[in-house]
Amino acid sequence: MTESTTSPLSGLWKPTQLQQMWYGPNSVQKHLLETLPSPSSKVFIITGNSLATKTSLIQQVEELLGKERHAGTFSNIKEHAPVAQLDEATELVGKDPHIDTVISIGGGSPIDSAKAISYRLHEKTGKFLFHISVPTTLSAGECTMIAGYTKEDGVKTGLVDTQLVPRVVIYDSKFALETPPRLWMSTALRALDHAVETMYHPTATEIPARQMALNAASSLFIYLPKYKRDPKNEEYITNLQLAAFASLGFFGTNFKGGLGLSHTLGYALGSPYGIPHGITSCLTLGHVVRLKAEDPASAVQIARMLPFIGQSRSGDDRADAERVGDAILQLVSNLGLAANLKQYKVGEGQVPVITKRATGSEGGELYDKVSQLVKSLY
């Protein structure tokens, strides 16, 4: 692990294996075939039931690939990528040794499932699948080398390998038009979560990680209110897709551990209680930022975001960092995404359980602070 430092300014960025990132309307139709690793590639599609049955998107991709390339489609990936469906999909893909490419279409669950399938097949064959990702949310799972899925007990776990980063990402606004606006906006808060927690991560480099995170935050604050007013505007959609990529696509492969407390809390709340990860970020991020403002090193980095979200800095890093937290909470409210744990039927008796999951401890200063934070989510 390479720590980045601010005094002196130093660090190391190791880029991922991403080869191409296409964006704009009709990008799939225009560019998908040329991104395949070979003219004879055999392709398997991983997606969710809603996209497969309620839209024509999957059929469009199948027809684009043609019978000679399309080896099959698994469309039963559920939220939080339960291991049962992952097992089923892995078995299907593994039956055809000629399959060399997997296309994930959808949000974080299909993307992570495609990564996990590739990892599992690599264990058997020694080869990873060539992964092309067509995201339809802003969760930015396409940017990471982590494949998260949910075990039988409901707890999220994951696989990590630098080879799990998709080789190609295609942001097509036509595909995003099918995403319900509330889901789209909540996953945008997940992208904002990435950007904020990149700022104070000890291994995030100044260039490009933090600089791109600042730009991501700026775009999210600009285009989310515009999108809310006009969710069919494809310019807004594309700008938000690029912001999601900027929030996490430049982290590199030499980071260690998770992003930060808001993400840790998101995992503690998400799959165990059936709360979408976009909503967990709506719940936690603003409050976590206010808590992190108490740490001088974190406050310095968070305060840098203030001019990028339309406010002037005062020179008091802690106060400015708290203002960033307040601005996030206000954005969540303005978008109509404010929520609490009672709405998701999480009893207050779960506070110690959630806090332990998030902190890895049963007491101490951090435990007490996080416990108070979780209580505030009711």
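Checking the conditions here, which among Ile103, Ile99 is more than 30 Å from Pro231 (Cα to Cα) and out of contact with any Asp or Glu (no Cβ under 9 Å at 6 or more places or on another chain)?
It is Ile99.
Of all residues in segment 331-350, at least one satisfies being in contact (Cβ under 8 Å) with a residue 24 or more places away in the chain, more than 29 Å from Trp184 (Cβ to Cβ) and out of contact with any helix residue (DSSP H, G or I) (no Cβ under 7 Å at 6 or more places or on another chain). Only one entry in Gly315, Gly257, Gly252 is part of a loop (DSSP other than H, G, I, E, B) and in contact with a Phe, Trp or Tyr (Cβ under 9 Å, 6 or more places away or on another chain), namely Gly252.
For beta carbons closer than 9 Å, sequence separation of 6+ or different chains, a first residue in segment 357-378 that is polar (S, T, N, Q) and open to solvent by 40 Å² or more (accessible area, probe 1.4 Å) and a second that is modelled with pLDDT of 95 or more and assigned to a helix (DSSP H, G or I), the qualifying pairs are Gln372/Leu291; Ser376/His287.
Condition first: open to solvent by 20 Å² or more (accessible area, probe 1.4 Å) and assigned to a helix (DSSP H, G or I). Now tell me which residues in segment 229-238 satisfy that. I'd like the intermediate steps shown before the answer.
Here is the first cut: in segment 229-238, the ones open to solvent by 20 Å² or more (accessible area, probe 1.4 Å) are 229-236.
Result: Arg229, Glu234, Glu235, Tyr236.
Comparison of Gln241, Gln301 shows that the only residue that is more than 30 Å from Lys151 (Cβ to Cβ), open to solvent by less than 10 Å² (accessible area, probe 1.4 Å) and not aliphatic (A, V, I, L, M) is Gln241.
Of the residues contained in segment 207-229, one or more are found to be out of contact with any helix residue (DSSP H, G or I) (no Cβ under 8 Å at 6 or more places or on another chain) and polar (S, T, N, Q). Is it the case that Tyr273 is over 17 Å from the mean Cα position of the chain (by Cα) and more than 25 Å from Glu178 (Cβ to Cβ)? Yes, satisfied. The set of residues from segment 202-220 being closer than 14 Å to Ile328 by Cα, under 17 Å from the mean Cα position of the chain (by Cα) and open to solvent by 10 Å² or more (accessible area, probe 1.4 Å) comprises just one member, Ser219.
Given Leu177, Leu183, Leu189, which one is at pLDDT 95 or above, closer than 30 Å to Pro25 by Cβ, open to solvent by less than 30 Å² (accessible area, probe 1.4 Å) and of a type outside the set (D, E, K, R)?
On the way: Leu177 fails: open to solvent by less than 30 Å² (accessible area, probe 1.4 Å); Leu183 fails: open to solvent by less than 30 Å² (accessible area, probe 1.4 Å).
Every option except Leu189 fails the conditions.
Applying the condition of being under 27 Å from the mean Cα position of the chain (by Cα) and among the small types (Gly, Ala, Ser) to segment 63-93 and asking which residue is farthest from Val134 (Cα to Cα) yields Ala84. Screening His287 against (1) in contact (Cβ under 8 Å) with a residue 60 or more places away in the chain; (2) open to solvent by less than 50 Å² (accessible area, probe 1.4 Å); (3) more than 23 Å from Glu206 (Cβ to Cβ) leaves a single unmet condition, (2).
Consider segment 148-174 and keep the residues that are part of a helix (DSSP H, G or I) and open to solvent by 10 Å² or more (accessible area, probe 1.4 Å). The one that is farthest from Asp100 (Cα to Cα) is Lys174. Restricting the first member to segment 40-57 and to residues that are free of Cβ contacts under 8 Å to residues at least 24 places away in the same chain, and the second to residues that are among the hydrophobic types (A, V, I, L, M, F, W, C), the beta-carbon pairs closer than 7 Å and six or more apart or on different chains are Ala52/Ile58.
The lone criterion from (1) crowded, with 24+ Cβ neighbours inside 10 Å; (2) assigned to a loop (DSSP other than H, G, I, E, B); (3) charged (D, E, K, R) left unmet by Lys115 is number (2).
Residues of segment 1-47 that are over 20 Å from Val168 (Cα atoms) and not in a loop (DSSP other than H, G, I, E, B): Thr5, Thr6, Leu9, Ser10.
Counting just the residues of segment 124-147 that are in a strand (DSSP E or B) and of a type outside the set (A, V, I, L, M, F, W, C), which one comes out nearest to Lys174 (Cα to Cα)?
Narrowing segment 124-147 to residues in a strand (DSSP E or B): 130-135, 146-147.
Adding the requirement that they be of a type outside the set (A, V, I, L, M, F, W, C) leaves 131, 133, 135.
Numbers: His131: 21, Ser133: 15, Pro135: 11 Å.
Looking at the filtered set, the residue picked out is Pro135.
On the given criteria, is Leu259 in contact (Cβ under 8 Å) with a residue 12 or more places away in the chain and either open to solvent by less than 10 Å² (accessible area, probe 1.4 Å) or touching a Pro at 6+ places or on another chain (Cβ under 6 Å) (or both)? Even if it seems obvious, please write down each step before you answer.
Details: in contact (Cβ under 8 Å) with a residue 12 or more places away in the chain: yes; either open to solvent by less than 10 Å² (accessible area, probe 1.4 Å) or touching a Pro at 6+ places or on another chain (Cβ under 6 Å) (or both): no.
In short, no.
Just give me the residues in segment 305-334 being open to solvent by less than 50 Å² (accessible area, probe 1.4 Å), of a type outside the set (D, E, K, R) and touching a Ser or Thr at 6+ places or on another chain (Cβ under 8 Å), in sequence order. Answer for segment 305-334, where residues must be open to solvent by less than 50 Å² (accessible area, probe 1.4 Å), of a type outside the set (D, E, K, R) and touching a Ser or Thr at 6+ places or on another chain (Cβ under 8 Å): Leu306, Ile309, Ala321.
The values are calculated or read from the model by the stated rules, or taken from the named source; none is laboratory data. The shown structure was predicted, so the numbers you read here are calculated from the model rather than taken from an experiment. A quick note on method: Cβ atoms are made from the backbone with ideal geometry, for glycine too, and the neighbour counts reach across all protein chains shown. Areas reflect the complete protein model, heavy atoms only, side chains present, ligands, DNA and RNA absent. Shrake-Rupley method; radii C 1.70, N 1.55, O 1.52, S 1.80 Å.
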